[in-house]
Each structure stands twice: as structure tokens, then as C-alpha cells.
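What follows is calculated from the coordinates using simple rules that are stated; it is not laboratory data. Predicted model only: the values in this text are computed from it and were never measured. Methodologically, a virtual Cβ is constructed for each residue, glycine included, from the backbone with ideal geometry; neighbour enumeration extends over all protein chains shown.
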Amino acid sequence: MKKISNKKQNLHKNTINIITLAVFVIIIILADVFLIASHDRTFSPKENRVLQQAPELTGDGLASGKYMTQAEDFVADQFFLRDGWISYKMNVDKILGKKESNGIYLGKNGYLIEAAAVPDEKNMSKNLDAIADFCSRHDFNAVMSVVPNAVSICSHLLPAGAPAADQMKYLADIRERLSGVLQFADVSETLNSHNREYIYYKSDHHWTSLGAYHAFNYIAPYIGIDSPVNAYDIYCVTDSFTGTLSSASGAASVRDEIDIYVPKSDVRYVVEYVNENEKSTTVYRSEALETNSKYDVFLGGNHPLIRIRTTAGRDRNLMIIKDSYANAFVQFLLPYYDSIYIVDPRYYSDDIEKLLSEGSITDVLFLYNLNTFVEDNSIAGVLETF
Amino acid sequence: MIFSSTFFLCVFLPVTLILYYAVPWKFKNFLLLLASLIFYAWGEPVYVFLMMFSIVFNYIAGIQLGDLKKQRRFKTRKSVFLFTLIVNIAMLCFFKYYGFVLSNINALFGTDIPVRQLSLPIGISFYTFQILSYVIDVYWGKVNVQFNIIDFGAYITMFPQLIAGPIVRYEDIRRQLRRRTITLAKVSDGAAWFIRGLGKKVLLANNIGMLYDAVFAIPASDRPVLTAWLGIIAYTFQIYFDFSGYSDMAIGLGKMMGFKFLRNFDYPYVSTSVTEFWRRWHISLGTWFREYVYIPLGGNRVNAARHIRNILVVWALTGLWHGSDWAYILWGLYYGLLLLLEKYFLGKYISRAPRFLAHLYALVTVIFGWLIFTAPSVQALGLNFSAMFGALGNGFADGGTWYYFASNLLLLILCILCSTPVVWRIFCRISYEKSSAGRIFAVVCYALIFTTSLAYLVNSTYNPFLYFKF
Amino acid sequence: MVNRAFVLRIISFLMVAGLVIVIIVSMSGSRGSRKSIDEVSPVLIQLFENDRTELSPERMFKKHYGFNAADFDGVVLYSPKSNMDAEELLIVKLADENQGEALLAAAEQRRADQMNIYEGYAPEQYDLCKNGIADLQGNYFLYVVHENAAEIDSSFRKALD
């Protein structure tokens, strides 16, 4: 290459810099024009969160620094073509070879897989103690099932070598610590044998109805169901479900189907959402399909207390103490109990003893997914006597 | 407020620059002062008053020192100087080290004095050092007294270097405060500096930082050898690109306003010795300590014993400057000892050794330095260290190691290349070619770096800033 | 002519003295309000009250924040009837100012827990929690999650004087 004179070099450098400056200025002007002119977006469906609006200037806001944080969030949240910038960033990440985004693995076959949660030992001991104490105070049939997550059941879908904490170890530990207290229905083997099926959503951290179905067949004998009806009407209620993992990771292209399993049986029932004071004759909520959180089609999402009364006439009454995994599970239980009490300790704060006697509870099922269970901080609070 | 945020880029910077360019010269420093105070108040709405206090207090001190010199009252002058020095240092120590000192006292004497630490004012370490450089130079008579409080305030608060340096010495900038030029060439060069710095910080530092976080989130007792090395190497890159990126942005912003700051980093990771590393790393801090501590103590023009003392004092202070914890002091002393070792013993071997061995030696010592620097406690330091040599029995590598390696390979390569002058040289070569293709390439590079950084900023809540605490 | 250096020296002494006093005052922070909680709370409750929340018994305070109400000079807690709603109002008069930090930490924990629950499910509630305010003013503490949290907080501060 020919040597170029310094003067020429400087000239070229200036040209480059000036055009660069122009690019810099134009992009900033564009951003500002949009910031001022565009209608403020209030909600980002893609991220499933409320976007920051222009904050109001107040003395307190300034002194505490809240105004500044909000103003900064405002500019980032209302940035022009925000979703476009985000997918651009996702693509750069992919080119860089990243295999996770915000703690979520970008797995094979389009699967998004949440990393395993590490147990919060302090709260977990409290919960386990409270469960042991609760079960020993009463003489119902106590069963627990803690469902491992996709990260360990479908580990073949993880990016190669992804460090997945050993959920089986956590599970064995929980089982060990509750031995003699209650019956532990360990569904991991069952789910493992079906792990090539569509048992977890690709874009959401929940299991599918199929996953719940396999688990139900395994758990049924533990909770006093000797001969489950094995006939269901299966309906696909949506094929455009994008779940929480999709929002959290920013990988928006994945779509899921939601199936519902309606047992073929004559038993009729009424669902009562106690705190909301609402009643319904179905466990499905079709209006949830119009929203972003389509998994809420099962029981309308999480509620402090749901009471289901049926015409089963079997003299058994079930209480489920649960997280959202149970929502897709309840549909399988309807034909077998006179009443089902569904308690979500994260939201429920009343006296649980009253429920036990009011409902003449014969069976109690703790149904959780492992990720939630090891981090839960609410079970003990509900089970302890006041 | 930090530079790598959409708010700074789209609101603060354009508004400030437009006003700055629009007002006549005699108001430019005032505007700079005002903008800087707002910039500071944005993050520290209360401590901005502390900063104003410092400005007025030291402005007054400067005038006293000047007057007393004219009156030839040198004794009084000395006591005024010492008083000013003590007040400045006491303020720094109070906000930065009060909690540290108190908890050490409690631990040592078993006392139970309640430690009620006030939060640390951002950038106090940086601006205190700038102030001291003025006060000391005035006392020594190296510079004249600044009678214009606006110019003085603008020097102390100047937002480009306010919270993360470079530490600009008064001597280097006093002429520019009165007289500087703003040309299109300078402004656009500043923009280019800024974009390069932004890219370093947002694309390289933040991304490789996630690898460091991931590795150090694994308990040391479960960390295989290779993973441990990967983690600390990631940190080595993170801290360099974070800090030097921030310095580049500061230099760029300075240029956009007509200033010229000295460069703060000069490819430190290509050094062949620790001595060389510290000539290339955070140059403005090294210079400051040399000028105001090392040389006044006698520097190296004293006998060996005093020289050793001088070096150790300077490096213990350098460590302490970075944070109020024993790990930082240890880190400083580690370098002090290495420098002494090189000076009195290793130096001649290093200059004779093959270059790649010297590089390796320098890099490894620096990496171990960062290991000390990041250690939350001495015990954790021991564990982290053991993990790097397999002393905790976790084998050489596991599935996770390859996962981290594969998913960061490209980034690691980029980091390695960008810590050497090679990329910059090739970039210049291509862009100064005769044909216009090279220049188009260069502009596309800048545009890509800028837009990609912006995409990360729009997306990201992950934007921690390492050098806030110092 | 008065000696400028002398005057300036006096000024700088005064400045330092002033700074020391300000720091000592702000660190000792004994700006306790003498008002009782029954005087402070009504105006806040009025701003806050809505049909989704109710005045809660003391055990809810224990459940959500982990403290015994009896250890404080007064506790008023409004929490949601259905926990699918996030609005919450907690006013506490401390018996001892040293309780403040622990209470602040508990409220931040409570906020984090709530945000955890709502994240991804209930973005509006999540946002409410995110903009919730935990404010420790001497011997009074406020934690409020509400659309007008900022307004309630500033009334809180006014009510203390």
C-alpha cells in the first residue's frame, strides 16, 4: 500500500468524523422528535409491563431522586421503535453466540427454558416445618407433589452444556425432610418418560395440560382416586399463546397452543371465587384468551381462595395448597370430590383451619412446581396457627 | 446521570450542547458550570450542596494563599494551606472511610459504636483530587490564583469528567478555561471518541461483565479450574473497557466543548511489566499520586529504605483511594511490592526475557491483581484463588465451562483484539485509503457501534457502572 | 483597608463549622414528630381509601412485615381484600427510632415479594408496587402502594409537622 501523507490522512479523518457526527446528530434528533411528537405508549404487550409516562415535576420527587429515575425510564421506555431496537439487540446477542437472555435459556426447537431456582434455605425450612406441623395436627390424607421444571425434565432441549442446577437433588432433599409427614408423589419419573412430548410450553414457565394429565394419572391413587375416567374431550383453545418466558427473554417469535381436557363425566359443578364474590359454572375462562396471559384460561389465574362444589357425591373433600401449576391440574379432579378448596398461600391470608372444618376436608394436596416451591415465602405464614 | 443512558444522549447532551454553542464565549464557562451542577444534582440532589461548599471553600482558600504570599506572611500561609488540605481530606475520609474505620475499631476493641454511614457522594474521590491539585499548586506557586469563581467552579464540576475521571490537573487546563477553540473538526473528533467509548462500555464491558457475574455466582467450592480463569479474565476485560470506555467518552465530550484532556489509558494490557502497566493504566491517577505524594516524599532521590517506604505509602494510598476495604489496600500493596521487586531485582531479567514471556508475566500479575480487587473478603479471596488452581477438587472443566466458553467466544476474541492497538491501526489503514470505500467503511463502523450501543441501552436495565464507588 | 485574607479566613472557619453542624444534625436525625398516629393517619386514609382495601388486623402486619404491632407506638395497615390487588397503606409510629431501618428493610422486602408475584401476570399491579413509596421520617414510617402514592407521601410529610 502506498504511503499516504499526514495531511491527506487528517483530511480523510475529518471527513469520516464529520459524517459520523452527522449520523450521531440525526439519530438523536429522530429520537427527540418522536419523544415529543408521538403519543405516549402506556403498555408494552411484548414485555408485558406498563411503560413509564412523563413524570410530574415535584419538590419531593426531585429531593428523593424519584423524578430523575422516572425521567430516565421515560426516555428509554418511550424510545422510538422501541420493540424494533429490542429485537435488533436480541439479534446481536445471537450473533455474539449468546444462549441465554435475562436468565432464560434459548433452548432447542424454539424452547425457552427458565433456569433452575436455587433454594432459599431459610424460607424453605420454615415452610417444611410448618407443613410437618400442619399435617401432624390433623388427620386428613396429606399428599405432596412438587413438579420439576422443564430445565431438568427436558434437559435435552437446553443449549449444550448449559449449567443447570440439580433440581433432582433439591427434590430428594425435600422428600427426605418430609418423610413420615405425608405421602410424596414424585412425578419426575413419569414426566421424564414423556419428555419428548409437548408437556411444557415453549414460551411459558408452566406445564401444558398434557403434562398435568400425565402427572394426574400418577398422583390419582395417592389422593384417593381409584379408577380415573380416562376419557376426555380435548379442545385446542388458542394457538397464539406467548407466555412469560417470551416476555422476559425478549424472544418474541415463539407461539404456543393451549389445550383443555374436559373429563367425560356427568358431574356438574360450580366454581366460586370467594374473595371476588364471583361464581361460574366452568373452570375455564375464555375471556383470558383475549388477553396476554392466556394461561389464565385455567381458573382465571391465581386467586386467594377458590371453592368448587360438585354433584359427585363421593364423600371426599379435597384442599389444594398450590401455585399456578395447579391451575391446569384442577380440570382433571372435578369428577372425584364433593368439594375442592383451592388455596394459594401467596394471596390467601385468612384462617386455614376454618376452611378445613367448614369443608370437612379429607385430602390435602400440596401441588407446586419446584422453582416456585424452593423460593416460596408464604406457605408457612398460612399454615401456622395464629 | 451516566453517559451510557438514553436520557443523557437524547435529552441532557443535546440541550446542553445547543445552549453551549449558542451563548457567546464569556458565558460558556457559566453554562458549563450550570449544566455540570444539574448533571451532578441529577444523581445526588443533596450532595450537590456539598460540592458547592467545596467550590466556595477552596476558591476562598486560593485567594488567601495568594494574598498571604504577597504579604509575605509565610507562616500563616502554611497554616491556611494545611487547614485547607485537612478539611478537604477530612471530607473525603468522612464520607468514604468513616464506616470502614468505625467497623474496624469495633472489631479491634470489641466496642459497639453504631456505624451510621452516610451514602457516598458520587465522584467525591475524583473531584477532591482535582481540588487538591489546585490548592497544592497554588501553594507551591506553580499556578496563579483563580479569581473567577465561575471558571474555578467549571473546572471542579466539569460534567464530562466529574464522576469517573480522568482526573484533570488544574495546571493542565487553566489556559483552556480562558481560551479554547471550537471547530467542526474538533467537535466531530469528539463525537468519534464518544462513540468509541460508548461501544467499549456498552457492547464490550457490559456483555463480558455478564460472564464474570455468571462465573462468580457459582460458589467457589463448585468452580472448576477453567471456569474460574474464564471468570477472572472476563472481569479483567470488563473493568478495562468499562473504565477506559468511560474515559474515552469524557475525552470526547470535552473535545465537543473545546477542551483537550490527556488520555487516561494507553492499551495497558499489552504491557511487558507491572511498571509499564501502571504507566498505561489510569494515567491521570498515577500522575496525580506521583506529583502530589511520591515526589514530595522524596521520590527515588533518597536512600533505598526511604524509597521503599515512599513506594509502599503511595501504593497503599492508591489502593485505599479505590475503596474503603482491606482488599483495596492489599491490592495497592501488591502492586507496590511488585514495582519494588521489578525495580531492584526482576527488571533486568524482564528486559532480557523473550517478549511473549514478559507479556505473559505482566498479564498474569495483573489478573491476580483483579482477583484481589474484586474480593469481597480475605477469605473469599483465598477460595477464589484456590479454585483457579484446582485446590478445591472440582476438576479442570465441566459442561458449564464449555457452555460459557462457546457462548462468549466471539466476545472474548473481540475483547482481546480491542485491548491491543492492532484493531485501531487496521481501522486507520483501511479508512485512510485513497478510495472512498475505506471512508464509507469507517463511517458504517461508527454508525453500527452507535446504533448497536443504543439498542442495548434501550433494551437494557443491566447497566451497572463499576467506577461509581471509587 | 480590611485585610482580605483575614476576613476570608474567618469565613472559611465559619463555613467548616456550619458544615460540621449540618452533618451532625443530619446524622443524629432526631426529628421526631410528637403527633399521635390518630392525628396523622386520617388524612392519609382519606386519600388512600378505596373499595379494594380494608383496615387489617395486627396479625396481617405480622404476616407481611414480620413485626409485632405491640412493639410500636401505633400501626395502621390497610391491605387489599383480594391479594390480586396491590394497593396497600402502612403507617407506623416507632417507639424507638432505631426500629426504622429494620422496618424500611421489611417494607422493601414486602415490595420485592409483591413485585415477584405480579411480574409477568399483572403488569398494572407490578407497576403500582414499583412506584410504591417507603418513607422513613424520624419516628414515623410510611409505606404506600397506590396510584397517588407520591401525593400521599407528601401529605404524610406535611402531617408530621
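Counting only alpha carbon atoms, the long axis of helix C:4-28 and the longest principal axis of chain C meet at about 20°. Pairs exceeding 24 Å between alpha-carbon atoms, taken from C:Lys63/C:Lys130; A:Lys98/B:Lys255; A:Lys98/A:Lys294; B:Lys96/B:Lys142; A:Lys279/C:Lys81; A:Lys66/C:Lys81: A:Lys98/B:Lys255; A:Lys98/A:Lys294; B:Lys96/B:Lys142; A:Lys66/C:Lys81. Partner shielding of B:446-458 amounts to 6, given as the average count of beta-carbon atoms from other chains within 10 Å of each residue beta-carbon. Here the Gaussian network model covers chain A, with springs between Cα atoms less than 10 Å apart; of A:Cys236, A:Cys154, A:Cys135, A:Cys236 fluctuates the most.
Helix A:82-96 versus the longest principal axis of chain A: what is the Cα-based angle in degrees, 0 to 90, to the nearest 10? The helix A:82-96 is inclined about 90 degrees to chain A. With a 10 Å cut-off around each Cβ of A:296-306, the average count of Cβ atoms from other chains is 2. For region A:124-193, the Cβ-based charge dipole about the Cα centre amounts to some 100 debye (Lys, Arg positive; Asp, Glu negative; other atoms uncharged). For the peptides A:321-328, A:92-99, A:110-117, C:18-25, the ranking by mean Cβ contacts within 10 Å, running from highest to lowest, is A:321-328, A:110-117, A:92-99, C:18-25. Amide H to amide H, with H built 1.01 Å from N, A:Asn141 comes under 5 Å of A:Asp363, A:Val364, counting only residues 5 or more places away or on other chains.
Remark: region B:33-45, residue by residue, has Karplus-estimated 3J(HN,Hα) of 4, 4, 4, 5, 5, 5, 4, 6, 4, 4, x, 9, x Hz, where x stands for each Gly or Pro and the curve is 6.51 cos²θ - 1.76 cosθ + 1.60 at θ = phi - 60°.
Taking amide H atoms as placed 1.01 Å from N in the peptide plane, the amide H of A:Glu100 lies under 5 Å from those of A:Leu106, each 5 or more residues away in sequence or on another chain. Relative to the dominant Cα principal axis of chain A, helix A:209-219 is inclined by about 30°. Karplus-based coupling profile of region A:265-279, in residue order and whole Hz: 7, 8, 5, 10, 7, 10, 9, 10, 8, 5, 5, 7, 6, 10, 10, with θ = phi - 60° in 6.51 cos²θ - 1.76 cosθ + 1.60 and x standing for Gly or Pro.
Amide H contacts of A:Phe43 (H built 1.01 Å from N, in plane; Pro and chain starts excluded): A:Leu51 sit under 5 Å, all sequence-distant by 5 or more or on other chains. Derived scalar couplings between HN and Hα for region A:225-241 equal 9, 7, 10, x, 5, 10, 10, 10, 8, 9, 10, 8, 8, 7, 10, 10, 8 Hz in order, rounded to whole Hz, by the Karplus curve 6.51 cos²θ - 1.76 cosθ + 1.60 (θ = phi - 60°), x for Gly and Pro. Among the residues of B:39-45, the average count of other protein chain beta-carbon atoms within 10 Å of the residue beta-carbon is 3. In units of the rule-of-thumb radius 2.2 N^0.38 Å, region B:186-469 shows an alpha carbon radius of gyration of 1.08.
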